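For reference, the structure discussed in these notes is given below.
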There are 2 protein chains.
Amino acid sequence: MSTPANNTPILVQKYGGTSVATADHIRRVAKRVAVEKRKGKAVVVVVSAMGKTTDELISLSRELSGQPARREMDMLLHAGEIISASLLAIALEEEGERAVSLTGSQAGMITDDTHMQARIEEVEGERILGHLTSGRVVVITGFQGVSRENEITTLGRGGSDTSAVAFAVGIGARQCEILTDVDGVYTADPRIVENPRKMSWCSYDEMLEMASLGARVLHSRSVEIARKFGVELIVSSSTEEMPGTLVCSSEKGRKEFGEMEEVLIRGVAHNADVAKVSLLGVPDQPGIAGSVFETLGTHSVNILLIVQAESHEGHNDISFLVSSEMLGQVREDLEALADKIGASKLLVDEGVGTVSVVGEGVQRESGIAGRMFSSLAREEINIDLISTSNLMISCVVAEDSLEQAVQAIHREFLE
Amino acid sequence: MSTPANNTPILVQKYGGTSVATADHIRRVAKRVAVEKRKGKAVVVVVSAMGKTTDELISLSRELSGQPARREMDMLLHAGEIISASLLAIALEEEGERAVSLTGSQAGMITDDTHMQARIEEVEGERILGHLTSGRVVVITGFQGVSRENEITTLGRGGSDTSAVAFAVGIGARQCEILTDVDGVYTADPRIVENPRKMSWCSYDEMLEMASLGARVLHSRSVEIARKFGVELIVSSSTEEMPGTLVCSSEKGRKEFGEMEEVLIRGVAHNADVAKVSLLGVPDQPGIAGSVFETLGTHSVNILLIVQAESHEGHNDISFLVSSEMLGQVREDLEALADKIGASKLLVDEGVGTVSVVGEGVQRESGIAGRMFSSLAREEINIDLISTSNLMISCVVAEDSLEQAVQAIHREFLE
């Protein structure tokens with residue numbers, strides 16, 4: 001494997017769709033990339049499709065078919081990143097930097113053949129490294145790859161972040177910058193909390209919990225790959241030069257930022273797009289819970305939280321959350337299932353949301369749960385369900401009190 | 001090499017950009033293709049980019065650079081056909097036909113690495129044939145290919161026609177249908193002549209002459225490949241079901257259409273986008289003409305016609321035509337050249353055009369030239385230059401009498 005000249009640091013940057021939405025945006029990105037290049041770095045840039053391109057292509061396909069073939073959707077959508085990547089390469093050359101755009105396939109992103117949700121099998125980094133060695137900025141189409149049968153694939157939601165991290169791994173880069181329209185990861189959603197703080201860092205595990213609990217900055221897959229291969233992520237603004245949020249191992253974060261006092265919780269996450277499903281009076285027999293979640297699994301429904309309370313008189317209540325958009329898909333099956341397993345009642349409540357605290361301090365400090373619940377009680381917010389892990393405490397509350405709940409908890413721990 | 005079931009005829013169709021301009025257009029194309037498929041044919045469809053997509057991508061690139069890298073332009077533009085091809089595959093599946101879209105690269109279009117003007121080296125037809133054998137309609141992106149170094153290339157002007165014919169050759173199809181917004185090749189431009197006739201057929205050689213003399217229906221490259229490999233072309237309407245024009249060998253055409261009487265001329269072509277360059281009083285020495293056209297050759301300027309009259313008193317006048325758009329590029333060189341070779345004068349006249357008759361009868365019938373010149377004389381149109389080959393007679397006339405000239409000649413021979 002050829003490698004860039006010794007000691008040349010490799011920088012991998014990913015720019016999202018809003019950052020390359022127009023020719024002007026692309027020119028700005030090119031200027032910024034050129035600055036990094038002139039600092040002597042070997043630069044790889046991974047881009048999403050311009051602005052609403054992907055949505056427009058999807059709506060064209062919908063004009064033709066209610067259920068277009070997944071293989072053809074991959075073929076169609078992968079054109080979007082080809083356009084933004086080649087335009088960025090053109091803009092970089094105009095800035096005086098030699099540049100080359102590569103499709104996912106050309107860049108060595110090898111995936112399985114699950115169209116629209118392909119899993120990465122391998123990144124063959126040789127071609128990227130060859131171009132870096134020859135002094136070029138390498139611009140790669142995010143979101144897409146190619147199967148070993150030479151079929152175009154896409155990675156599904158959050159695909160460009162995932163691409164960027166995978167390419168960083170594939171070429172031995174230590175860091176991957178995710179440049180976006182927010183300038184970092186905040187302690188709570190700035191649309192809800194008045195003065196959220198930008199985290200200087202958070203651990204991979206904390207970021208994963210936050211993502212699964214509703215934070216939308218980074219997709220879990222990209223964080224999982226980063227954690228697995230020890231690639232550090234930096235989330236920062238694509239337009240302004242300011243420090244973002246570093247996502248790294250706990251050890252590295254503590255060492256780098258020297259937290260003298262233990263941080264109890266890293267942030268407050270919330271999710272309004274959930275529905276609560278409760279199966280009441282389920283016979284307390286082995287295998288029942290399994291059959292419930294196997295049924296949902298066949299629909300690839302992501303279960304967000306499961307609570308089963310203490311059984312009483314040989315019967316259990318099982319509650320869980322699914323994303324609201326999945327509910328329509330599984331409703332019929334749930335009704336059939338409730339009959340089959342002899343549940344006395346099926347309840348579906350779409351008027352709920354989750355509020356969660358996330359942080360590596362959660363497990364060590366027994367008082368956190370109490371403080372969280374009390375801060376909700378002071379606002380007279382009723383807690384419907386509770387679930388905890390070593391990194392988070394999550395409460396289901398009524399959707400119309402969700403914002404108030406986020407504010408109360410943020411005030412309690414982070415202001 | 002796998003092949004479609006014995007006796008399954010292979011149909012190759014090419015649809016241009018206006019035929020796939022919107023989702024509605026694409027749906028119509030899909031319906032038409034499905035009809036052919038249901039007749040038991042193995043169908044390959046080659047498509048251009050939708051409507052103005054290519055122009056829009058070019059103008060995006062121009063916002064970023066006055067002279068974008070050719071490699072990146074190929075990368076950028078090849079996205080256009082990916083979009084139309086995948087959408088057509090989606091529309092075909094909606095019509096109940098199994099379909100698969102392939103990029104030029106996937107379909108085995110191997111070219112050299114001359115970006116934006118790549119030459120086809122080979123078509124590896126196995127993958128197409130494999131899909132045909134399994135009963136799928138194969139939709140291929142026109143205009144684009146891939147070099148042996150896995151670089152995306154495009155074929156330049158008329159590229160989708162050229163692609164279609166090359167794929168027909170590569171999979172052993174006998175015919176290739178070029179479906180477009182005109183329903184065939186006419187005996188003259190319908191915008192100029194009131195009642196032109198649609199040709200039922202014309203020979204490869206006649207079509208090539210007409211293309212080089214200004215007819216814009218088919219690009220020469222596609223006809224050259226068709227002639228070389230004996231693939232018949234059918235030019236017809238993409239929207240209406242009616243016989244088009246067959247482009248084939250003279251033998252086949254005569255046999256098929258049984259022309260009892262010799263057709264003297266096949267059509268009248270004209271070209272207004274030319275400029276006449278005259279070098280007057282050039283010393284009549286060996287090598288002079290060579291140096292003139294070598295100079296132009298280094299600019300890849302296409303010389304449309306060269307006339308050198310009888311020398312007098314040791315001096316020659318050399319006149320030739322170049323396309324108007326090339327003139328600016330070579331003007332300075334021409335002036336330097338006129339000095340260098342000792343020409344007494346350089347004249348450039350942009351106010352000219354060519355009118356030509358084309359047909360395999362031209363060489364056999366000595367009277368044609370006379371009838372052509374007389375019909376111009378009757379309209380008091382002065383003939384500036386004359387050039388002939390075994391397939392055509394071409395006259396340079398003032399641009400403002402060009403339409404009148406086309407009408408007069410069409411009347412003389414074809415009405």
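For the condition closer than 24 Å to B:ILE409 by Cα and in contact with a helix residue (DSSP H, G or I) (Cβ under 7 Å, 6 or more places away or on another chain), what is the one hit in B:VAL165, B:VAL193?
B:VAL193
With the checklist (1) over 18 Å from A:PHE143 (Cα atoms); (2) in contact with a strand residue (DSSP E or B) (Cβ under 6 Å, 6 or more places away or on another chain) in hand, flag the one item A:LYS228 doesn't pass.
(2)
Going by what's in this entry, would A:ILE192 be described as within 24 Å of A:ALA30 (Cα to Cα) and either among the aliphatic types (A, V, I, L, M) or modelled with pLDDT under 95 (or both)?
Criteria not met by A:ILE192.
Conditions: (1) under 26 Å from B:ILE90 (Cα atoms); (2) outside any strand (DSSP E or B); (3) more than 9 Å from chain B (Cβ to nearest Cβ). A:LEU132 meets all but one. Number of the miss?
For A:LEU132, the exception is condition (1).
Can you go through A:GLU81, A:GLU122, A:GLU126 and tell me which one is among the acidic types (Asp, Glu) and buried (at least 19 other Cβ atoms within 10 Å of the Cβ)?
None of the other options fit; the residue is A:GLU81.
Does at least one position in the range A:88-97 carry a residue that is facing another protein chain (nearest Cβ under 10 Å) and not in a helix (DSSP H, G or I)?
Yes.
When only residues in the range B:41-73 that are facing another protein chain (nearest Cβ under 8 Å) and touching a Ser or Thr at 6+ places or on another chain (Cβ under 6 Å) count, which is farthest from A:GLY96 (Cα to Cα)?
B:GLU72
Which residue is surrounded by the most Cβ atoms within 10 Å (Cβ to Cβ), if the candidates are limited to the range A:208-226 and must be of a type in the set (D, E, K, R) and part of a helix (DSSP H, G or I)?
Among residues in the range A:208-226 that are of a type in the set (D, E, K, R) and part of a helix (DSSP H, G or I), the one surrounded by the most Cβ atoms within 10 Å (Cβ to Cβ) is A:GLU209.
So, A:ILE82, is that one more than 9 Å from chain B (Cβ to nearest Cβ), modelled with pLDDT of 95 or more, assigned to a helix (DSSP H, G or I) and in contact with a strand residue (DSSP E or B) (Cβ under 7 Å, 6 or more places away or on another chain) or not?
Judged against the criteria, A:ILE82 is not a match.
Filter the range B:356-378 down to the residues that are within 18 Å of B:VAL406 (Cβ to Cβ) and surrounded by 14 or more Cβ atoms within 10 Å (Cβ to Cβ) and list them by number.
B:SER356, B:VAL357, B:VAL358, B:GLY359, B:VAL362, B:ILE368, B:ALA369, B:ARG371, B:MET372, B:PHE373, B:SER375, B:LEU376
If you take the residues of the range A:140-185 that are part of a loop (DSSP other than H, G, I, E, B) and more than 17 Å from the chain's Cα centre (by Cα), which of them is surrounded by the most Cβ atoms within 10 Å (Cβ to Cβ)?
A:ILE171
Could you count how many residues in the range B:186-207 are part of a helix (DSSP H, G or I) and either acidic (Asp, Glu) or farther than 29 Å from B:ALA42 by Cα (or both)?
Residues that pass the stated criteria total 2.
Within the range A:103-129, can you find the residues that are of a type in the set (Asp, Glu) and in a helix (DSSP H, G or I)?
Correct list: A:GLU126 only.
Looking at B:VAL35, B:VAL29 in this structure, which one is surrounded by fewer than 21 Cβ atoms within 10 Å (Cβ to Cβ), β-branched (Val, Ile, Thr) and either at pLDDT 95 or above or under 22 Å from A:GLU151 (Cα atoms) (or both)?
B:VAL35 is the lone residue from the list that is surrounded by fewer than 21 Cβ atoms within 10 Å (Cβ to Cβ), β-branched (Val, Ile, Thr) and either at pLDDT 95 or above or under 22 Å from A:GLU151 (Cα atoms) (or both).
For the range B:313-322, check the following and say yes or no: at least one residue is aliphatic (A, V, I, L, M) and without any contact (Cβ under 8 Å) to a residue 40 or more places away in the chain.
no
Just name the residue that is farthest from A:ILE152 (Cα to Cα) out of those in the range A:98-129 that are hydroxyl-bearing (Ser, Thr, Tyr) and within 11 Å of chain B (Cβ to nearest Cβ).
A:SER101
So, in the range B:379-415, how many residues would count as being part of a helix (DSSP H, G or I) and among the acidic types (Asp, Glu)?
Number of matching residues: 4.
Among the residues of the range A:361-378, is there at least one that is assigned by TED's automatic domain parsing to the domain that holds A:ASN271, at positive phi and in a loop (DSSP other than H, G, I, E, B)?
no
The values are calculated or read from the model by the stated rules, or taken from the named source; none is laboratory data. Since this is a predicted model, take the numbers as computed values, not measurements. FYI the Cβ positions are ideal-geometry reconstructions off the backbone, even for glycines, and counts take in every protein chain you see.
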